[in-house]
1. Specify the residue that is most open to solvent (accessible area, probe 1.4 Å); the eligible residues are those in region 1-52 that are within 17 Å of I71 (Cβ to Cβ) and among the charged types (D, E, K, R).
2. Of the conditions (1) open to solvent by less than 10 Å² (accessible area, probe 1.4 Å); (2) in contact with a strand residue (DSSP E or B) (Cβ under 7 Å, 6 or more places away or on another chain); (3) not in a loop (DSSP other than H, G, I, E, B), A56 fails just one. Which one is it?
3. Only one residue in R238, R281, R190 is away from the ligand (no atom under 14 Å from the Cβ), in a strand (DSSP E or B) and open to solvent by 20 Å² or more (accessible area, probe 1.4 Å). Which one?
4. Could you list, in sequence order, all residues of region 134-162 that are open to solvent by 60 Å² or more (accessible area, probe 1.4 Å), within 22 Å of the chain's Cα centre (by Cα) and of a type in the set (D, E, K, R)?
5. Got a number for residues in region 31-90 being more than 11 Å from the ligand (Cβ to nearest atom), charged (D, E, K, R) and within 19 Å of the chain's Cα centre (by Cα)?
6. When you look at L122, is it within 30 Å of K18 (Cβ to Cβ), open to solvent by less than 10 Å² (accessible area, probe 1.4 Å) and either touching a residue at least 12 places away in the same chain (Cβ under 8 Å) or in the same structural domain as D76 (by TED's automatic domain parsing) (or both), yes or no?
7. Got at least one residue in region 78-91 being assigned by TED's automatic domain parsing to the domain that holds S286 and polar (S, T, N, Q)?
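The values are calculated or read from the model by the stated rules, or taken from the named source; none is laboratory data. Treat the numbers as computed from the prediction; the structure is a model and nothing was measured. Note that we place each Cβ from the backbone using ideal geometry, even for glycine, and neighbour counts take in every protein chain shown. SASA here: full protein model, heavy atoms, side chains in, ligands and nucleic acids out. Shrake-Rupley method; radii C 1.70, N 1.55, O 1.52, S 1.80 Å.
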Amino acid sequence: MAHTPVLVKEAIEGLSIKSGDTVLDATVNEGGHSSLIAQYLDEKGTIIGIDEDTDALVEARRNLGASRCTIILAHDNFRNLDRVLEKHGIQTVDKALFDIGLSSRQLDESKRGFSFQKDEPLLMTFCPDLETCAFTAREIVNTWTEQSITDVIYGYGGERFAKRIAREIVKERKIKPIERTGNLVAIIERSVPHGYRFGKIHPATKTFQALRIAVNDEFSALTEGIGKALERLNKGGRIAIISFHSGEDRIVKNFFRESAKTGLCVIITKKPIVPSDEEKRRNPRSRSAHLRIAEKL
Ligand SMILES: C[S@@+](CC[C@H](N)C(=O)[O-])C[C@H]1O[C@@H](n2cnc3c(N)ncnc32)[C@H](O)[C@@H]1O
(Lines give C-alpha, C1' and ligand atoms only; values in the text may rest on other atoms or scores of the structure.)
Protein backbone atom coordinates (compact mmCIF):
# COMPACT_ATOMS: atom_id res chain seq x y z
CA MET A 1 0.00 0.00 0.00
CA ALA A 2 1.33 3.48 -0.88
CA HIS A 3 2.15 5.60 2.16
CA THR A 4 -0.32 8.30 3.23
CA PRO A 5 1.65 11.24 4.65
CA VAL A 6 0.52 12.28 8.15
CA LEU A 7 -0.05 15.72 9.68
CA VAL A 8 0.72 17.28 6.30
CA LYS A 9 -1.09 20.59 6.70
CA GLU A 10 0.15 20.95 10.28
CA ALA A 11 3.79 20.25 9.33
CA ILE A 12 3.82 22.49 6.25
CA GLU A 13 2.09 25.38 8.01
CA GLY A 14 4.28 24.88 11.07
CA LEU A 15 7.43 25.02 8.96
CA SER A 16 6.14 28.20 7.34
CA ILE A 17 7.57 27.28 3.94
CA LYS A 18 8.58 30.22 1.66
CA SER A 19 8.98 29.91 -2.11
CA GLY A 20 12.78 30.18 -2.17
CA ASP A 21 13.49 27.92 0.81
CA THR A 22 16.06 25.15 0.97
CA VAL A 23 14.19 22.31 2.69
CA LEU A 24 15.81 19.23 4.14
CA ASP A 25 13.42 16.25 4.14
CA ALA A 26 15.44 13.86 6.29
CA THR A 27 13.01 10.95 5.73
CA VAL A 28 11.80 11.57 2.18
CA ASN A 29 10.55 8.01 1.56
CA GLU A 30 8.57 8.13 -1.73
CA GLY A 31 8.19 11.89 -1.48
CA GLY A 32 4.77 12.16 0.19
CA HIS A 33 5.46 15.27 2.27
CA SER A 34 8.05 16.55 -0.20
CA SER A 35 5.70 16.58 -3.19
CA LEU A 36 3.33 18.80 -1.19
CA ILE A 37 6.19 21.01 0.05
CA ALA A 38 7.37 21.30 -3.58
CA GLN A 39 4.08 23.00 -4.45
CA TYR A 40 5.11 25.92 -2.21
CA LEU A 41 8.58 26.26 -3.78
CA ASP A 42 9.59 28.04 -7.00
CA GLU A 43 12.72 27.70 -9.17
CA LYS A 44 14.83 29.23 -6.40
CA GLY A 45 13.73 26.60 -3.89
CA THR A 46 15.47 23.30 -3.18
CA ILE A 47 14.43 20.07 -1.53
CA ILE A 48 17.16 17.77 -0.36
CA GLY A 49 15.65 14.41 0.51
CA ILE A 50 17.45 11.68 2.44
CA ASP A 51 16.35 8.10 3.02
CA GLU A 52 18.07 4.84 3.80
CA ASP A 53 15.65 2.83 1.66
CA THR A 54 16.89 2.75 -1.95
CA ASP A 55 13.57 1.43 -3.33
CA ALA A 56 11.69 4.37 -1.78
CA LEU A 57 14.17 6.81 -3.35
CA VAL A 58 13.46 5.41 -6.83
CA GLU A 59 9.76 6.22 -6.29
CA ALA A 60 10.62 9.63 -4.80
CA ARG A 61 12.58 10.52 -7.94
CA ARG A 62 9.54 9.67 -10.03
CA ASN A 63 7.04 11.44 -7.77
CA LEU A 64 9.09 14.63 -7.46
CA GLY A 65 10.22 14.69 -11.10
CA ALA A 66 7.84 17.44 -12.23
CA SER A 67 8.68 19.87 -9.40
CA ARG A 68 9.71 23.44 -10.25
CA CYS A 69 12.30 23.54 -7.49
CA THR A 70 15.64 21.72 -7.45
CA ILE A 71 15.38 18.18 -6.11
CA ILE A 72 18.38 16.40 -4.62
CA LEU A 73 17.96 12.84 -3.32
CA ALA A 74 20.52 11.00 -1.24
CA HIS A 75 20.74 7.45 0.05
CA ASP A 76 22.03 7.71 3.60
CA ASN A 77 21.11 7.61 7.25
CA PHE A 78 19.96 11.03 8.45
CA ARG A 79 22.55 10.81 11.21
CA ASN A 80 25.00 11.66 8.38
CA LEU A 81 23.04 14.63 7.07
CA ASP A 82 26.02 16.96 7.51
CA ARG A 83 28.02 14.78 5.11
CA VAL A 84 25.12 14.69 2.62
CA LEU A 85 24.72 18.48 2.66
CA GLU A 86 28.45 19.01 2.22
CA LYS A 87 28.59 16.59 -0.68
CA HIS A 88 25.98 18.68 -2.46
CA GLY A 89 27.58 22.01 -1.62
CA ILE A 90 24.80 23.07 0.78
CA GLN A 91 26.02 24.80 3.94
CA THR A 92 22.71 25.60 5.64
CA VAL A 93 18.99 24.94 5.20
CA ASP A 94 15.87 26.99 5.95
CA LYS A 95 13.59 24.16 7.02
CA ALA A 96 14.04 20.56 8.15
CA LEU A 97 11.43 17.81 8.40
CA PHE A 98 11.82 14.40 10.05
CA ASP A 99 8.90 11.96 9.77
CA ILE A 100 10.44 8.99 11.47
CA GLY A 101 9.55 5.33 11.53
CA LEU A 102 8.44 3.25 8.60
CA SER A 103 6.19 3.80 5.61
CA SER A 104 3.15 1.62 4.97
CA ARG A 105 4.88 0.04 1.98
CA GLN A 106 7.94 -0.83 4.04
CA LEU A 107 5.74 -2.58 6.60
CA ASP A 108 3.62 -4.34 4.02
CA GLU A 109 5.96 -5.13 1.14
CA SER A 110 9.66 -4.80 2.01
CA LYS A 111 10.05 -8.52 2.91
CA ARG A 112 12.51 -7.49 5.60
CA GLY A 113 10.55 -8.72 8.57
CA PHE A 114 9.30 -5.38 9.93
CA SER A 115 5.72 -6.62 10.32
CA PHE A 116 4.45 -9.28 12.70
CA GLN A 117 1.58 -9.82 10.28
CA LYS A 118 3.85 -11.40 7.63
CA ASP A 119 6.02 -14.48 7.78
CA GLU A 120 9.37 -13.16 6.54
CA PRO A 121 13.10 -13.48 7.31
CA LEU A 122 13.88 -11.87 10.65
CA LEU A 123 16.00 -8.94 9.38
CA MET A 124 14.47 -5.52 10.25
CA THR A 125 17.19 -3.59 8.44
CA PHE A 126 17.33 -1.55 5.21
CA CYS A 127 20.89 -2.56 4.54
CA PRO A 128 20.75 -2.98 0.73
CA ASP A 129 23.22 -5.86 0.54
CA LEU A 130 22.07 -8.50 2.97
CA GLU A 131 25.35 -10.43 2.57
CA THR A 132 27.23 -7.56 4.17
CA CYS A 133 24.61 -6.58 6.74
CA ALA A 134 26.48 -6.82 9.97
CA PHE A 135 23.44 -6.74 12.16
CA THR A 136 19.88 -8.08 12.00
CA ALA A 137 17.08 -9.00 14.40
CA ARG A 138 17.98 -12.65 13.76
CA GLU A 139 21.31 -12.02 15.42
CA ILE A 140 19.74 -10.44 18.51
CA VAL A 141 17.28 -13.25 19.17
CA ASN A 142 19.74 -16.06 18.41
CA THR A 143 22.94 -14.81 20.05
CA TRP A 144 22.25 -12.22 22.74
CA THR A 145 21.92 -13.20 26.39
CA GLU A 146 18.48 -13.56 27.92
CA GLN A 147 19.11 -10.43 30.02
CA SER A 148 20.14 -8.32 27.00
CA ILE A 149 17.06 -9.45 25.06
CA THR A 150 14.87 -8.57 28.07
CA ASP A 151 16.52 -5.14 28.28
CA VAL A 152 15.88 -4.41 24.60
CA ILE A 153 12.25 -5.55 24.65
CA TYR A 154 11.50 -3.69 27.87
CA GLY A 155 13.73 -0.66 27.31
CA TYR A 156 12.76 0.12 23.70
CA GLY A 157 9.31 -1.47 23.56
CA GLY A 158 8.01 -0.90 27.09
CA GLU A 159 6.77 -4.50 26.94
CA ARG A 160 5.73 -5.58 30.42
CA PHE A 161 6.15 -9.28 29.57
CA ALA A 162 9.69 -8.74 28.24
CA LYS A 163 11.24 -11.19 30.72
CA ARG A 164 8.85 -13.98 29.84
CA ILE A 165 9.28 -13.39 26.10
CA ALA A 166 13.09 -13.36 26.38
CA ARG A 167 13.04 -16.57 28.43
CA GLU A 168 10.91 -18.33 25.81
CA ILE A 169 13.14 -17.04 22.96
CA VAL A 170 16.24 -18.50 24.64
CA LYS A 171 14.44 -21.80 25.31
CA GLU A 172 13.30 -22.07 21.69
CA ARG A 173 16.65 -21.24 20.10
CA LYS A 174 18.26 -24.15 21.95
CA ILE A 175 16.02 -26.41 19.87
CA LYS A 176 16.50 -24.57 16.56
CA PRO A 177 17.55 -21.09 15.39
CA ILE A 178 14.75 -18.51 15.14
CA GLU A 179 14.89 -17.45 11.49
CA ARG A 180 11.51 -15.99 10.62
CA THR A 181 9.04 -13.45 11.97
CA GLY A 182 6.37 -16.18 12.07
CA ASN A 183 8.51 -18.21 14.54
CA LEU A 184 9.00 -15.16 16.73
CA VAL A 185 5.29 -14.29 16.75
CA ALA A 186 4.45 -17.85 17.82
CA ILE A 187 7.01 -17.64 20.65
CA ILE A 188 5.62 -14.30 21.85
CA GLU A 189 2.04 -15.56 21.72
CA ARG A 190 2.79 -18.52 23.92
CA SER A 191 4.92 -16.46 26.37
CA VAL A 192 2.26 -13.94 27.35
CA PRO A 193 -0.88 -14.45 29.46
CA HIS A 194 -3.93 -15.56 27.55
CA GLY A 195 -5.85 -12.29 28.10
CA TYR A 196 -2.96 -10.20 26.70
CA ARG A 197 -3.24 -12.04 23.40
CA PHE A 198 -6.62 -10.47 22.78
CA GLY A 199 -5.89 -6.93 23.98
CA LYS A 200 -6.06 -3.62 22.11
CA ILE A 201 -2.78 -4.24 20.26
CA HIS A 202 -1.25 -7.46 18.95
CA PRO A 203 1.00 -9.01 21.63
CA ALA A 204 4.00 -8.88 19.22
CA THR A 205 3.67 -5.13 18.53
CA LYS A 206 6.05 -3.88 21.22
CA THR A 207 8.64 -6.63 20.78
CA PHE A 208 8.86 -6.00 17.04
CA GLN A 209 9.13 -2.25 17.57
CA ALA A 210 11.88 -2.76 20.16
CA LEU A 211 13.92 -5.08 17.94
CA ARG A 212 13.66 -2.67 15.01
CA ILE A 213 14.82 0.23 17.17
CA ALA A 214 17.79 -1.83 18.39
CA VAL A 215 18.80 -3.15 14.95
CA ASN A 216 18.79 0.31 13.40
CA ASP A 217 20.13 2.12 16.47
CA GLU A 218 17.17 4.44 15.95
CA PHE A 219 17.32 6.48 19.16
CA SER A 220 20.99 7.45 18.69
CA ALA A 221 20.42 8.17 14.99
CA LEU A 222 17.53 10.48 15.91
CA THR A 223 19.55 12.33 18.55
CA GLU A 224 22.45 12.81 16.12
CA GLY A 225 20.11 13.78 13.29
CA ILE A 226 18.25 16.47 15.29
CA GLY A 227 21.52 17.91 16.57
CA LYS A 228 23.03 18.16 13.11
CA ALA A 229 19.84 19.57 11.58
CA LEU A 230 19.60 22.28 14.26
CA GLU A 231 23.25 23.14 13.65
CA ARG A 232 22.65 23.51 9.92
CA LEU A 233 19.44 25.56 10.18
CA ASN A 234 19.64 29.24 9.24
CA LYS A 235 18.60 31.79 11.85
CA GLY A 236 14.79 31.85 11.88
CA GLY A 237 14.75 28.42 10.20
CA ARG A 238 12.36 25.77 11.49
CA ILE A 239 12.57 22.08 12.26
CA ALA A 240 9.49 19.82 12.43
CA ILE A 241 9.65 16.27 13.76
CA ILE A 242 6.87 13.70 13.53
CA SER A 243 7.35 10.64 15.73
CA PHE A 244 5.24 7.55 16.35
CA HIS A 245 6.70 6.15 19.54
CA SER A 246 6.73 7.65 23.04
CA GLY A 247 10.49 7.01 23.38
CA GLU A 248 11.17 8.98 20.20
CA ASP A 249 8.83 11.78 21.18
CA ARG A 250 10.64 12.04 24.53
CA ILE A 251 13.98 12.39 22.72
CA VAL A 252 12.59 15.20 20.55
CA LYS A 253 10.94 16.97 23.50
CA ASN A 254 14.09 16.83 25.62
CA PHE A 255 16.38 17.84 22.76
CA PHE A 256 14.26 20.90 21.98
CA ARG A 257 14.04 21.78 25.69
CA GLU A 258 17.80 21.57 26.22
CA SER A 259 18.47 23.52 23.01
CA ALA A 260 15.97 26.21 24.08
CA LYS A 261 17.73 26.51 27.45
CA THR A 262 21.04 27.23 25.74
CA GLY A 263 19.37 29.80 23.47
CA LEU A 264 19.82 27.76 20.29
CA CYS A 265 16.12 27.61 19.47
CA VAL A 266 12.65 28.51 20.63
CA ILE A 267 9.96 25.85 20.90
CA ILE A 268 6.94 26.60 18.70
CA THR A 269 4.75 23.69 19.88
CA LYS A 270 4.43 23.81 23.66
CA LYS A 271 2.47 20.57 23.37
CA PRO A 272 2.83 18.11 20.48
CA ILE A 273 0.36 18.44 17.61
CA VAL A 274 -1.61 15.22 17.07
CA PRO A 275 -3.84 14.14 14.18
CA SER A 276 -7.48 15.21 14.14
CA ASP A 277 -10.18 12.58 14.66
CA GLU A 278 -10.93 12.89 10.97
CA GLU A 279 -7.30 12.10 10.00
CA LYS A 280 -7.20 9.15 12.42
CA ARG A 281 -10.39 7.79 10.87
CA ARG A 282 -9.10 8.27 7.33
CA ASN A 283 -5.61 6.94 8.12
CA PRO A 284 -5.53 4.75 11.26
CA ARG A 285 -1.72 4.52 10.99
CA SER A 286 -1.55 8.20 11.93
CA ARG A 287 -3.08 7.60 15.36
CA SER A 288 0.15 7.66 17.40
CA ALA A 289 1.77 10.58 15.51
CA HIS A 290 3.20 13.53 17.51
CA LEU A 291 4.53 16.65 15.77
CA ARG A 292 6.93 19.04 17.49
CA ILE A 293 8.36 22.20 15.93
CA ALA A 294 11.20 24.51 16.94
CA GLU A 295 12.73 27.66 15.44
CA LYS A 296 16.45 28.41 15.35
CA LEU A 297 17.51 31.60 17.11
C1 LIG B 1 7.14 7.44 7.81
S2 LIG B 1 8.23 7.28 6.48
C3 LIG B 1 8.31 8.91 5.80
C4 LIG B 1 7.17 9.20 4.89
C5 LIG B 1 7.28 10.49 4.12
N6 LIG B 1 7.40 11.64 4.96
C7 LIG B 1 6.06 10.62 3.23
O8 LIG B 1 5.15 11.33 3.63
O9 LIG B 1 6.00 9.98 2.20
C10 LIG B 1 9.77 7.20 7.28
C11 LIG B 1 10.95 7.08 6.34
O12 LIG B 1 12.12 7.35 7.10
C13 LIG B 1 13.15 6.50 6.66
N14 LIG B 1 14.09 6.44 7.77
C15 LIG B 1 13.86 6.01 9.02
N16 LIG B 1 14.97 6.18 9.78
C17 LIG B 1 15.91 6.73 8.96
C18 LIG B 1 17.24 7.16 9.16
N19 LIG B 1 17.84 7.05 10.34
N20 LIG B 1 17.89 7.71 8.12
C21 LIG B 1 17.29 7.84 6.91
N22 LIG B 1 16.03 7.45 6.67
C23 LIG B 1 15.34 6.90 7.68
C24 LIG B 1 12.45 5.21 6.33
O25 LIG B 1 13.21 4.46 5.41
C26 LIG B 1 11.15 5.72 5.71
O27 LIG B 1 11.27 5.85 4.34
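1. It comes out as K44.
2. Every listed condition holds for A56 apart from (2).
3. Working: R281 fails: in a strand (DSSP E or B); R190 fails: in a strand (DSSP E or B).
The conditions single out R238.
4. Here is the first cut: in region 134-162, the residues open to solvent by 60 Å² or more (accessible area, probe 1.4 Å) are 134, 138-139, 143-147, 151, 154, 156, 160.
Still in the list and also within 22 Å of the chain's Cα centre (by Cα): 134, 138-139, 151, 154, 156.
Correct list: R138, E139, D151.
5. Going residue by residue through region 31-90, those that are more than 11 Å from the ligand (Cβ to nearest atom) are 38-48, 58, 61-62, 65-73, 82-83, 85-90.
Now restrict to residues that are charged (D, E, K, R): 42-44, 61-62, 68, 82-83, 86-87.
This time we only want the ones that are within 19 Å of the chain's Cα centre (by Cα), so: 82.
So the answer is 1.
6. Values: within 30 Å of K18 (Cβ to Cβ): no; open to solvent by less than 10 Å² (accessible area, probe 1.4 Å): yes; either touching a residue at least 12 places away in the same chain (Cβ under 8 Å) or in the same structural domain as D76 (by TED's automatic domain parsing) (or both): yes.
Here the answer is no, as L122 does not meet what is asked.
7. Here is the first cut: in region 78-91, the ones assigned by TED's automatic domain parsing to the domain that holds S286 are 78-91.
Pick out the ones that are also polar (S, T, N, Q) and you get 80, 91.
Yes, region 78-91 contains at least one residue that is assigned by TED's automatic domain parsing to the domain that holds S286 and polar (S, T, N, Q).
Here's the yes/no breakdown for (1) in the same structural domain as G32 (by TED's automatic domain parsing); (2) open to solvent by 60 Å² or more (accessible area, probe 1.4 Å); (3) out of contact with any helix residue (DSSP H, G or I) (no Cβ under 9 Å at 6 or more places or on another chain):
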| site | (1), (2), (3) |
| --- | --- |
| R164 | no, yes, no |
| I169 | no, no, no |
| G199 | no, no, yes |
| P203 | no, no, no |
| I226 | yes, no, no |
| E231 | yes, yes, no |
| A260 | yes, no, yes |
| K270 | yes, yes, yes |
| P275 | yes, no, no |
